[in-house]
1. Val95's amide H: which non-local residues (gap 5+, or another chain) put their own amide H closer than 5 Å, with H modeled 1.01 Å from N in plane and none for Pro or chain starts?
2. Figure the gain on full extension for Glu103 and Leu5 (residue separation times 0.36 nm, minus the Cα-Cα span) and round it to one decimal in nm.
3. What are the residues whose amide H is under 5 Å from the amide H of Ala19, where those residues sit 5 or more places off or on another chain and H is modelled from the backbone?
4. List the residues whose amide H sits under 5 Å from the amide H of Asn68, counting only those 5 or more places along or on another chain, with H placed 1.01 Å from N in the peptide plane.
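Just so it is clear, none of the values below were taken in a lab; they were calculated from the coordinates. Computed from a prediction, not measured in an experiment: that's the story for all the values here.
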Amino acid sequence: MANALVARQPILQRDASLAGYELLYRGRPEPSGSREEWGNHATSEVLVSLLTGEDFEELVGGAPAFVNLTRDFLLELPSLPLAPERLVLEVLEDVTVDDSLLESLRTLAQRGYTIA
């Protein structure tokens with residue numbers, strides 16, 4: 001992708017068929033800020049690359065793109081100009097789950113996004 005260094009990692013089904021590609025930011029080393037700040041930066045870079053890059057199809061083909069999202073993104077994620085079936089929103093394992101987060105996840109699911 002032209003705007004950020006993004007790696008892809010295949011996600012496979014039990015039968016070894018392709019479920020999609022997890023897209024991971026591989027830019028500059030982690031800054032001295034908090035883990036949340038770094039996560040927000042990495043998520044921003046991947047999303048901006050997805051939305052502005054011309055090689056999205058080359059990167060994932062017809063498979064969905066799995067993108068890690070921080071709590072901040074999950075709570076405030078605007079509508080994205082990518083079809084929901086092309087994007088799987090991954091909740092990071094260290095995200096605090098509370099009523100606000102669950103409501104945001106319900107809203108995103110109602111918009112058609114798959115939550116992982």
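1. none
2. Working: separation 98, 0.36 × 98 = 35.28 nm, distance 3.21 nm.
That works out to 32.1 nm of additional length.
3. Counting only residues 5 or more places away or on other chains, the set is Ile11, Leu12, Gln13.
4. Leu23, Glu90
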